[in-house]
1. Tell me whether the range 230-239 contains one or more residues that are closer than 16 Å to R260 by Cβ, of a type in the set (S, T, Y) and in contact with a Gly (Cβ under 8 Å, 6 or more places away or on another chain).
2. Name every residue in the range 229-285 that is on the phi > 0 side of the Ramachandran plot and in contact with a Phe, Trp or Tyr (Cβ under 9 Å, 6 or more places away or on another chain), in order of residue number.
3. Which condition does N246 not pass, out of (1) over 24 Å from V144 (Cα atoms); (2) polar (S, T, N, Q); (3) at pLDDT 95 or above; (4) in contact with a Leu (Cβ under 8 Å, 6 or more places away or on another chain), if it passes all the others?
4. Taking the range 209-239, which residues are without any contact (Cβ under 8 Å) to a residue 12 or more places away in the chain and not hydrophobic (A, V, I, L, M, F, W, C)?
5. So which of G215, G254 is surrounded by fewer than 19 Cβ atoms within 10 Å (Cβ to Cβ) and either in contact with a strand residue (DSSP E or B) (Cβ under 9 Å, 6 or more places away or on another chain) or more than 26 Å from A122 (Cα to Cα) (or both)?
6. Any chance you could count how many residues in the range 185-202 are in contact (Cβ under 8 Å) with a residue 12 or more places away in the chain and over 22 Å from the mean Cα position of the chain (by Cα)?
7. What are the residues in the range 277-294 that are in contact with a Lys or Arg (Cβ under 8 Å, 6 or more places away or on another chain) and either open to solvent by 90 Å² or more (accessible area, probe 1.4 Å) or of a type in the set (A, V, I, L, M, F, W, C) (or both), if any?
8. Of all residues being in a strand (DSSP E or B) and out of contact with any Lys or Arg (no Cβ under 8 Å at 6 or more places or on another chain) in the range 135-155, which is most open to solvent (accessible area, probe 1.4 Å)? Just the residue, please.
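The values are calculated or read from the model by the stated rules, or taken from the named source; none is laboratory data. Computed from a predicted structure; not experimentally measured. Don't worry about glycine lacking a Cβ; one is built from the backbone with ideal geometry, like all the others, and counts go over all protein chains shown. Surface accessibility is based on the protein's heavy atoms, side chains included, excluding ligands, DNA and RNA. Shrake-Rupley method; radii C 1.70, N 1.55, O 1.52, S 1.80 Å.
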Amino acid sequence: MAHKHEIRTIDSHTAGHPTRVIMSGVPTLEGRTAQEKCVWFEQHHDDVRKVLLHEPRGHSAMVGAVLFESDIADHGAFFMGSYNYLPMCGHATIGLAATLDYLGKLKPDGQGQASFTLEVPAGVITVHARYEGDRLVGVEFENVPAYLAARRVPFSLSGENHECDIAYGGNWYALVKASDVGVSLKPDGVQNALSIGSSIKTDINTRIKNGAIDGAVEPVHSVLFYDTQSVGAGMVSRQLVVLAPNKFDRSPCGTGSSARLAQLLEDGEIKPGERVRMRNILDIDFAASARPEPSPSSSAPTLYQPRIEGMAHVTGTHFFILGENDPLQDGFLCA
């Protein structure tokens with residue numbers, strides 16, 4: 001079969017959500033920073049994103065990462081989804097660490113730890129890989145600062161008025177209590193959550209665009225549904241993140257968990273440094289905690305430094321071929 005391009009990737013999943021790290025087949029990236037490289041890639045090679053993340057090679061929830069050499073960190077990467085590019089992605093950061101381990105680029109020290117810095121468009125983060133012997137058993141990253149930007153933000157759903165909080169954790173989230181809007185945080189509740197979440201996202205972003213929401217907020221990327229429960233001496237935040245009408249995060253979501261931590265700390269539901277289990281609908285947890293950081297000014301919101309720990313597993317290596325006569329060589333999404 002004639003082909004015009006070849007791309008190699010390594011795939012993993014983090015608590016069920018995929019990460020596809022591009023290893024070769026991408027032109028040399030132009031730009032100095034991660035953000036500049038990401039913008040250049042989007043402007044000149046967005047077709048690669050569509051090929052790898054859209055059907056038939058991917059799907060609406062596929063996430064990709066482009067790894068590059070950084071001038072200011074041990075590694076650099078930017079993240080992309082099936083519809084957009086992401087300033088930061090927590091589950092993909094954990095997946096990237098598992099990929100580096102698979103490639104033999106992480107070596108544990110005598111304490112069973114390996115650490116590296118990672119430049120992403122949102123900033124520079126630190127990643128810690130935890131080992132038992134030579135086996136990777138956990139990945140923790142220190143995320144960019146998170147904060148609660150707006151409280152009791154109104155939105156309308158099926159003609160009824162509700163409220164949510166808006167918080168930043170590397171991406172922007174509307175935080176909605178699931179039981180308040182009839183969302184079940186179980187696998188059989190996903191379709192209903194997708195419909196309700198996309199409706200809430202549209203309503204809130206319309207209000208933000210029209211200047212109807214107080215506070216320095218930006219359009220939300222996703223809606224994070226949550227409910228909490230106490231298990232023993234600790235808290236479990238069960239959650240589901242809806243990104244689009246056909247796209248939800250299978251993992252507990254790293255940046256969403258960071259935003260949720262800021263909310264929990266602001267509401268006094270947890271103490272600084274207290275570990276919370278962030279649980280997805282598949283009953284897999286991230287361990288998360290955060291501590292306050294100095295704010296740039298007295299009028300600025302309190303910043304929190306999140307630490308998120310999870311685990312990823314390599315699922316395969318792929319050698320993708322773009323056929324010259326393939327009528328769907330650029331990929332497709334039906335919704």
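1. no
2. Within the range 229-285, just C253 meets the criteria.
3. The number of the failed condition is (3).
4. K209, N210, G211, Q229, S230, G232
5. When all the criteria are applied, what remains is G215.
6. Number satisfying all stated conditions: 0.
7. M278, I281, L282, F286, A287, A288, A290 - these are the residues of the range 277-294 that are in contact with a Lys or Arg (Cβ under 8 Å, 6 or more places away or on another chain) and either open to solvent by 90 Å² or more (accessible area, probe 1.4 Å) or of a type in the set (A, V, I, L, M, F, W, C) (or both).
8. Within the range 135-155, the match that is most open to solvent (accessible area, probe 1.4 Å) is R152.
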